[in-house]
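The structure under discussion appears below in the form of structure tokens.
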Amino acid sequence: MIACLGRIVQDTDADSIPDDDVSTLSESLDLQGTIESGGITGVAGKDFGGLYSVKPLALIKPSGTEDIARVVNAASRTSHLTVAARGNGHSINGQAMADGGFVIDMRSTEENHFKPLTIDGSHYIDVSGGALWEDVLKRCVSMFRLAPRSWTDYLSLTVGGTLSNAGVSGQAFRFGPQTSNVTELEVVTGKGEITVCSETQNSELFFGALGGLGQLGIITRARVKLQRAPDMVRWIRVVYTEFEEFTRDAEFLVTQEEGESFDYVEGFVFSNSDDPINGWPSVPLDPDHEFNPAYIPQTAGSVLYCLEVALHYRNSDRPSTVDTAVSRLLERLGSIQRLKFQLNVSYVEFLLRVKQGEEHAKANGNWDSPHPWLNIFISKSSIVDFDRTVFRKMLKDGIGGPMLIYPLLRSKWDSRTSVVLPEGEIFYIVALLRFVPKGPTVEKLVAQNHEIIQWCNKEGLDFKLYLPHYQSKEDWKRHFGNQWTRFVERKTSFDPMAILAPGQKIFKRTHIIKP
Ligand code: FAD
């Protein structure tokens with residue numbers, strides 16, 4: 001092994017390592033899983049963003065945690081090799097890539113854990129860091145009628161991938177992000193150690209890895225909190241002309257107690273036009289629903305706002321009971337009365353709602369085109385300014401995809417994790433989910449994202465990027481703010497040579513010669 005790695009150390013150019021070296025490497029690593037040359041396998045050098053591509057040395061398909069530890073240990077014996085866990089590669093800016101390093105395909109471990117537990121009367125499931133949330137959902141519901149409490153909108157994402165960021169959707173106002181809904185992790189640190197951690201055991205690693213952008217360790221198992229799964233969901237969209245009314249109602253709903261509000265609250269901005277992607281047709285939930293623009297007041301501006309909510313119920317609930325509960329909640333809202341869209345769907349169907357969009361986008365080629373997305377957390381104190389300048393002026397004609405906006409509560413996020421948030425109890429997630437054809441427009445849209453961030457900085461808005469992407473250490477320092485020192489200390493403890501997640505471009509690989 002040492003001889004083989006020695007050769008790689010001298011040979012810093014991954015291109016010049018022939019394939020038979022990879023097979024030698026495979027033997028010397030003594031993996032149960034498999035290893036493929038980075039040159040042959042394209043997948044490890046790409047991601048959903050389609051904006052970056054790099055060539056890894058090799059793609060490793062580990063059979064389990066021990067394989068992952070072996071790879072990290074092997075990299076640590078060299079002066080330059082890095083290791084990136086790749087969940088499902090749904091990052092936008094190359095975060096799961098390793099230029100000239102090892103990429104670990106976490107999906108190959110997805111079947112490794114699936115164990116239900118009951119602790120002090122509460123239900124949990126142990127799942128692999130490489131499991132897709134959609135599989136966790138389907139298996140938990142069909143086998144136990146239980147389900148995780150906090151989701152992302154789209155579920156073909158891995159458990160380890162979203163826990164390394166936060167994992168946010170319309171349930172987060174009540175239960176917090178996914179990082180607030182796990183109680184134990186198994187992690188392979190950058191020192192190649194396999195460590196189980198929780199709030200009470202190795203807690204620095206536990207909280208550090210949650211939202212830690214893959215910097216402290218590779219999550220190989222997570223213990224996820226479960227609740228009883230509802231059978232059905234009433235899914236509703238209502239429309240506003242005024243941003244202040246939209247935010248007032250959204251904030252009202254997210255600050256009510258359970259039972260006094262909906263179970264899911266999101267929203268989006270759309271253009272006041274008949275554009276099929278960006279305008280009125282993007283609102284109805286069903287082809288049978290008609291969006292009648294005659295109901296929009298004459299005073300409406302260039303953009304409108306849609307509040308999207310959902311109420312859980314059981315098959316045993318009478319339709320009239322559900323109707324009454326929904327009407328009671330809707331009548332407190334100031335939306336346009338006649339622009340209201342409702343649909344009853346199964347709970348699983350509701351959670352898999354974006355899958356349909358994926359199939360549609362795949363069919364028309366948009367799924368594989370570049371995605372210059374921008375995700376920002378913006379404080380309530382800054383959101384009106386953001387709306388006035390960004391939504392109503394810069395993006396008034398839409399972005400060729402959804403422009404999500406909905407409020408979250410800081411008190412539902414654990415400040416001990418590595419996630420970075422703006423100040424203030426109520427903040428909004430704004431997600432500009434652009435779907436654009438390949439071509440020169442992509443660069444323009446990346447530039448527009450920069451322009452938006454620069455404008456936020458210039459105006460002194462209270463905001464933080466979600467799924468952040470920066471090139472310089474100075475920018476990362478600014479991003480972490482007063483949490484930078486703690487993050488650096490955690491990095492030094494758990495990945496002192498900066499082997500892990502090089503695609504985040506936060507720390508430079510170093511080499512510490514072991515005595
Ligand atoms: P990857 O992109 O493969 O990896 C992301 C980062 O995490 C990389 O740095 C990687 O090295 C690291 N990593 C991956 N696995 C592990 C692991 N096991 N242990 C440690 N580090 C690891 N996010 C939301 O919060 N809410 C949403 O509703 C939402 N919807 C989305 C919809 C779509 C269509 C897409 C493309 C993305 C969406 N996201 C959403 C963003 C998503 O959460 C992130 O892109 C996430 O990183 C993707 O997960 P992944 O499994 O593909 O991770």
* Structure fact -> The lone condition G160 fails out of (1) assigned to a helix (DSSP H, G or I); (2) among the small types (G, A, S); (3) over 28 Å from A98 (Cα atoms); (4) not assigned by the TED database to the domain that holds L343 is (3)
* Asked: For the range 281-305, which residues satisfy the criterion of being part of a helix (DSSP H, G or I), closer than 17 Å to Q342 by Cβ and out of contact with any Lys or Arg (no Cβ under 7 Å at 6 or more places or on another chain)?
  -> S282
* Selection count, the range 213-269, where residues are surrounded by fewer than 18 Cβ atoms within 10 Å (Cβ to Cβ), over 25 Å from the mean Cα position of the chain (by Cα) and farther than 14 Å from L329 by Cβ -> 5
* **Residue list for the range 325-335, filter: part of a loop (DSSP other than H, G, I, E, B) and either at pLDDT below 95 or surrounded by fewer than 18 Cβ atoms within 10 Å (Cβ to Cβ) (or both)** => E331, R332, G334
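Just give me the residues in the range 453-475 being assigned to a helix (DSSP H, G or I), surrounded by fewer than 19 Cβ atoms within 10 Å (Cβ to Cβ) and of a type in the set (A, V, I, L, M, F, W, C), in sequence order. Please lay out each step first, then the result.
Applying the first criterion (assigned to a helix (DSSP H, G or I)) to the range 453-475 yields 453-458, 473-475.
Those left that are additionally surrounded by fewer than 19 Cβ atoms within 10 Å (Cβ to Cβ): 453-455, 457-458, 473-475.
Selection gives I453, W455.
Residue-wise test of (1) within 25 Å of M497 (Cβ to Cβ); (2) in a strand (DSSP E or B); (3) polar (S, T, N, Q); (4) in contact with a His (Cβ under 9 Å, 6 or more places away or on another chain).
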position	(1), (2), (3), (4)
I35	yes, yes, no, no
A44	yes, no, no, no
G49	no, no, no, yes
S53	no, no, yes, no
P56	yes, no, no, no
I60	yes, yes, no, no
E66	yes, no, no, no
A69	yes, no, no, no
A74	yes, no, no, no
* To do: For residues that are in the same structural domain as I378 (by the TED database) and free of Cβ contacts under 8 Å to residues at least 24 places away in the same chain, tally how many sit in the range 458-491.
  => 2
* For S23, are the conditions met, namely being among the polar types (S, T, N, Q), assigned to a helix (DSSP H, G or I) and modelled with pLDDT of 95 or more? -> no
* **When residues of the range 47-56 are limited to those that are more than 11 Å from the ligand (Cβ to nearest atom) and within 18 Å of G214 (Cβ to Cβ), the one surrounded by the most Cβ atoms within 10 Å (Cβ to Cβ)** => P56
* Among the residues of the range 77-116, how many are near the ligand (Cβ under 8 Å from one of its atoms), among the hydrophobic types (A, V, I, L, M, F, W, C) and over 19 Å from F507 (Cβ atoms)? -> 2
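Suppose we filter I219, I277, I236 for residues that are of a type in the set (A, V, I, L, M) and more than 16 Å from the ligand (Cβ to nearest atom); which single one remains?
Just a single option satisfies the conditions, and that option is I236.
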* Which of the following residues is in contact with a Lys or Arg (Cβ under 6 Å, 6 or more places away or on another chain) and at pLDDT 95 or above: G208, G217, G212, G267? -> G208
* To do: Identify the single condition in (1) touching a residue at least 60 places away in the same chain (Cβ under 8 Å); (2) more than 16 Å from the ligand (Cβ to nearest atom); (3) assigned to a loop (DSSP other than H, G, I, E, B) that R338 does not satisfy, given that it satisfies every other one.
  => (1)
* To do: Only residues that are in a strand (DSSP E or B) and either surrounded by 23 or more Cβ atoms within 10 Å (Cβ to Cβ) or in contact with a His (Cβ under 8 Å, 6 or more places away or on another chain) (or both): list them for the range 183-193, please.
  => L185, V187, V188, T189
* Structure fact -> Scanning the range 437-452 for residues that are more than 18 Å from V390 (Cβ to Cβ) and either surrounded by 13 or more Cβ atoms within 10 Å (Cβ to Cβ) or outside the structural domain of V384 (by the TED database) (or both), the one farthest from the ligand (Cβ to nearest atom) turns out to be T441
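The values are calculated or read from the model by the stated rules, or taken from the named source; none is laboratory data. Since we're looking at a predicted model, the values are computed, not measured. Cβ atoms come from the backbone with ideal geometry, glycine included; neighbour counts cover every protein chain shown.
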